[in-house]
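Working notes, beginning with the structure itself.
The values are calculated or read from the model by the stated rules, or taken from the named source; none is laboratory data. Note that the structure is a prediction, hence the values are computed from the model and not measured. Heads up, the Cβs are rebuilt from the backbone with ideal geometry, glycines too, and the neighbour counts pull from every protein chain shown.
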Amino acid sequence: FIDVPQDQAHTFLAQSGLMNNDEKPDRTHNQTWLVRGGSFVCAIGCKMAIKSADQMDGDKSIGQVTHDEAIYARPMKLQGASQLESTLQISIIRKDGQVIQGWTMEKVTKSLPAGLWGEYNSSTDPLKSGNNINGLLSSSGGTINLLAGVRLTAPPPHMSNDPYPVFNILDAELQALTAEKPFPESEGSNKNWDPAEPLETTQQWEIVRGKWAVPDWDQGEGKVQEEFVSGWTAALGWDTGLSQWA
């Protein structure tokens, strides 16, 4: 938004995305805008009513908004088919001359005085049919809703031209093996490491009973069983469990 004509009947207002200079926050009149493209919204206001607004690419319209309400000029005694035709033409161009397309344009309407923009009616003209005091003092019909500007929203962002193609991260971690010899065939475990076959329940009981009666580490003293039971009794606190209640 540079080189905006200063003698035209338009106002420019940034509604979103305007960036300020942190080192110099004060702004001057008609200062060049620095904006954030992804959220930029601006409004162009007209100091007179318009019938339509067009985004232009040279002589071709690439976007248009219109308003159904007719525009007259009561002081000029316009009525019927004699309407005012006013069109706002907007061109958004880069420094290199390329037209920027994709802007969203919305109409902005305002309530304008009907005494200026309303249709002329000779029956209510005080100069021709009395003073029309009732119409002059009436509060109804004093304004008319007309198109007075547009709101422009910057084009939505697009995907960057990423030179890297989409890839699978799992496949990217794979490494090619260039060895000429393949892996050897897998072999089963040695049977010598297999556990012994379980005994019958009766045989298991007899073996445990025999080991308890004559332990391998008894060394002929015969106190292994007593020490074993006493150790578990002391460890679990069974020897003091009843004494504290006595």
*Is one or more of the residues making up the stretch 67-89 within 31 Å of the chain's Cα centre (by Cα) and over 30 Å from ASP125 (Cβ atoms)?*
no
_Single match in ARG94, ARG74, ARG151 (criterion: within 30 Å of SER16 (Cα to Cα) and buried (at least 17 other Cβ atoms within 10 Å of the Cβ))_ = ARG151
*Among all residue pairs at least 6 apart or on different chains, which show Cβ distances below 6 Å where the first residue, located in the stretch 76-94, is touching a residue at least 12 places away in the same chain (Cβ under 8 Å) and the second is surrounded by 15 or more Cβ atoms within 10 Å (Cβ to Cβ) and polar (S, T, N, Q)?*
THR87/SER52; ILE90/GLN55
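Considering only the stretch 176-227, how many residues are of a type in the set (Phe, Trp, Tyr), assigned to a loop (DSSP other than H, G, I, E, B) and not assigned by the TED database to the domain that holds ASP239? So that I can check it myself, show each step before the final result.
In the first step, residues of the stretch 176-227 are kept if they are of a type in the set (Phe, Trp, Tyr); the result is 183, 193, 205, 212, 217.
If we keep only those that are assigned to a loop (DSSP other than H, G, I, E, B) too, we end up with 183, 217.
Subset that is not assigned by the TED database to the domain that holds ASP239: 183.
Within the stretch 176-227, residues that are of a type in the set (Phe, Trp, Tyr), assigned to a loop (DSSP other than H, G, I, E, B) and not assigned by the TED database to the domain that holds ASP239 number 1.
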*Examine the stretch 41-63 for a residue that is under 21 Å from ALA114 (Cβ atoms), without any contact (Cβ under 8 Å) to a residue 12 or more places away in the chain and of a type in the set (A, V, I, L, M, F, W, C), and state whether such a residue exists.*
no
_strands (runs of 3 or more DSSP E) within the stretch 86-168 that include 3 or more residues in contact with a Phe, Trp or Tyr (Cβ under 7 Å, 6 or more places away or on another chain)_ = 143-153
*Check whether at least one residue in the stretch 46-61 is of a type outside the set (D, E, K, R) and under 28 Å from the mean Cα position of the chain (by Cα), and report yes or no.*
yes
*Go through (1) within 20 Å of ALA148 (Cα to Cα); (2) over 31 Å from the mean Cα position of the chain (by Cα); (3) hydrophobic (A, V, I, L, M, F, W, C) and name the single condition VAL41 misses.*
(2)
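How many residues does the stretch 30-85 hold that are under 20 Å from PHE12 (Cα atoms), modelled with pLDDT of 90 or more and not acidic (Asp, Glu)? Even if it seems obvious, please write down each step before you answer.
Keep residues of the stretch 30-85 that are under 20 Å from PHE12 (Cα atoms), which gives 30-56, 63-66.
With the extra rule that they be modelled with pLDDT of 90 or more, the set shrinks to 40-46, 49-56, 63-66.
Now restrict to residues that are not acidic (Asp, Glu): 40-46, 49-53, 55-56, 63-66.
The number of residues fulfilling the criteria is 18.
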*For the stretch 48-63, name all the residues that are surrounded by fewer than 17 Cβ atoms within 10 Å (Cβ to Cβ) and among the acidic types (Asp, Glu).*
ASP57, ASP59
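Of everything in the stretch 53-85 that's in a strand (DSSP E or B) and of a type in the set (Gly, Ala, Ser), which residue is farthest from ARG151 (Cα to Cα)? Explain how you work it out, then say what you get.
Taking the stretch 53-85 as the starting set, the residues that turn out to be in a strand (DSSP E or B) are 53-57, 60-66.
After this cut, where a residue has to be of a type in the set (Gly, Ala, Ser) as well, the list is 53, 61, 63.
Values: ALA53: 11, SER61: 17, GLY63: 13 Å.
Step by step, filter the stretch 53-85, then rank; the result is SER61.
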*Considering each residue of the stretch 33-52, count those that are touching an Asp or Glu at 6+ places or on another chain (Cβ under 9 Å) and not in a strand (DSSP E or B), and give that number.*
1
